[in-house]
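Everything below concerns the one structure shown next.
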Amino acid sequence: MSRYRDVLLFFLLASLWGGSFVAIEVGLAYYPPVLYAAYRFDIAALVLVTYVLLTESNPLPRTRGDLAAIGLSGGFNVAVNNSLLFTGQQYTTSGIASITYSLVPIVTAAVAAVWIGESSLDARGSLGVVLAFVGVGLVAQPDPANLAGGVTIGVALIFVGVVSVSFSSVGLRVVETTFSSVALTAWAMLFGGLLMHGFSLGLGEGQRLPATELPALVALGFLGVLSSAVAYTIYFTLLDRLGAFEINLVSYVVPVVATVAGAVLLAEPVTATTVAGFVVVLGGFVLVKRHAIAEEVPKLVSRAGGFF
């Protein structure tokens, strides 16, 4: 029974994160991008901090390591990443944004190799990183005459956000904390949301209260509650049960969900080049993670056999 539950949670997580790209597109019609991202994490932090305070015996940061982790995660994973994601997605479709974002596991492996000397990137792994960038290039289809506009600038901004996520993820490996991953995420969301309000003011965005139009309310509610507070709780639950490799596979289901949902709900175009780019990025992931794949796929096959 637990196997079925984990599979359902996996695809629910992919659906919530994939749907978030569509919800961002909807909400950008009502908000400036960074303020919209800030409101997302205001709601998410309210929900998740409340949950942590009510359910955990050790919910509060107590050490310098705890504060450093909140700073890394809230500053880079939440504030910088989402400011760039929401801004970049003004220029892209949900599918293109999600495919670019699927670089996170690959870029994280590259950052880890440079920063903490992880030796998982050999010649083939390095080729996989290059291949992934080629795939994103296919998705972006840069116009040499207009590199500062259109899809190209959107993909570039989102990619810098990906680097920010990867920097945060690797940094957290060298920081010791005393509280749970869910508690860390809750406080990071609170800190990151406050930072984004500051970014929004500094950028001169027009400040306004949350929009009351139904599409805006639904999009913001989905982002704040479902794709943030609920989704991250599911993520850490599955991370404990399945391990890092299996849960990272969600990064390659999310673009499928986002692309299909964007096409169905928003009539976003899906080109053959975009699909080809995603396949190339996936090929890069396979090269970077081929050792883990060789170890984990037999386990996945064994578990799948238990369903029948």
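Scanning the stretch 185-194 for residues that are within 18 Å of the chain's Cα centre (by Cα) and surrounded by fewer than 23 Cβ atoms within 10 Å (Cβ to Cβ) yields Leu190, Phe191.
Kindly provide the set of residues from the stretch 151-186 that are part of a helix (DSSP H, G or I), hydroxyl-bearing (Ser, Thr, Tyr) and closer than 18 Å to Pro59 by Cα, ordered by number. Result: Ser181, Thr185. Restricted to the stretch 47-68, and to residues there that are hydrophobic (A, V, I, L, M, F, W, C) and free of Cβ contacts under 8 Å to residues at least 24 places away in the same chain, the residue that is surrounded by the fewest Cβ atoms within 10 Å (Cβ to Cβ) is Leu54.
Of all the numbered requirements in (1) over 13 Å from Met189 (Cα atoms); (2) open to solvent by less than 20 Å² (accessible area, probe 1.4 Å), Leu84 misses one, and that requirement is (2). Within the stretch 236-244, is even one residue at pLDDT below 90, in a helix (DSSP H, G or I), under 19 Å from Leu16 (Cα atoms) and open to solvent by less than 20 Å² (accessible area, probe 1.4 Å)? The answer is yes; a qualifying residue exists. Applying the condition of being open to solvent by less than 60 Å² (accessible area, probe 1.4 Å) and among the β-branched types (Val, Ile, Thr) to the stretch 126-152 and asking which residue is modelled with the highest pLDDT yields Thr152. Screening the candidates Leu8, Leu28 for the property of being surrounded by fewer than 24 Cβ atoms within 10 Å (Cβ to Cβ), modelled with pLDDT of 95 or more and among the hydrophobic types (A, V, I, L, M, F, W, C) yields one hit, Leu28. From the list Ala37, Ala44, the lone residue that is over 19 Å from Gly202 (Cβ atoms) and at pLDDT 95 or above is Ala44. Under the condition of being modelled with pLDDT under 80, under 14 Å from the mean Cα position of the chain (by Cα) and of a type in the set (A, V, I, L, M, F, W, C), the residues counted in the stretch 245-264 number 1.
Picking from Gly198, Gly202, Gly206, which residue would you name as being open to solvent by 60 Å² or more (accessible area, probe 1.4 Å) and out of contact with any helix residue (DSSP H, G or I) (no Cβ under 6 Å at 6 or more places or on another chain)? Just a single option satisfies the conditions, and that option is Gly202. Where the second residue is open to solvent by less than 90 Å² (accessible area, probe 1.4 Å) and of a type in the set (Val, Ile, Thr) and the first is over 13 Å from Ala79 (Cβ atoms) and in contact (Cβ under 8 Å) with a residue 12 or more places away in the chain and lies in the stretch 195-217, which pairs have Cβ atoms under 7 Å and are six or more apart or on separate chains? Every condition considered, the pairs that remain are Glu205/Val34; Pro215/Val26. Does Val225 satisfy the criteria of being part of a helix (DSSP H, G or I) and open to solvent by less than 20 Å² (accessible area, probe 1.4 Å)? Answer is no for this residue. Residue check: Val275 meets all listed conditions (1) open to solvent by 50 Å² or more (accessible area, probe 1.4 Å); (2) within 25 Å of Asp42 (Cα to Cα) but one, namely (2).
When the stretch 88-125 is limited to residues that are part of a helix (DSSP H, G or I) and at pLDDT below 80, the one that is most open to solvent (accessible area, probe 1.4 Å) turns out to be Arg124. Residues of the stretch 209-229 that are farther than 15 Å from Pro33 by Cα and either touching a helix residue (DSSP H, G or I) at 6+ places or on another chain (Cβ under 8 Å) or not polar (S, T, N, Q) (or both): Glu213, Leu214, Pro215, Leu217, Val218, Gly221, Phe222, Val225, Leu226, Ser227, Ser228, Ala229. Could you check the stretch 1-33 and list, in sequence order, the residues that are part of a helix (DSSP H, G or I), closer than 22 Å to Gly154 by Cβ and over 16 Å from the mean Cα position of the chain (by Cα)? Within the stretch 1-33, Val26, Gly27, Pro33 qualify.
The values are calculated or read from the model by the stated rules, or taken from the named source; none is laboratory data. What you see is a predicted model; the values in this text were computed from it and never measured. Counting neighbours? That spans all protein chains shown, and the Cβs are built from the backbone with ideal geometry, glycine included. Quick note on the areas: whole protein, heavy atoms, side chains included, nothing else; ligands and nucleic acids left out. Shrake-Rupley method; radii C 1.70, N 1.55, O 1.52, S 1.80 Å.
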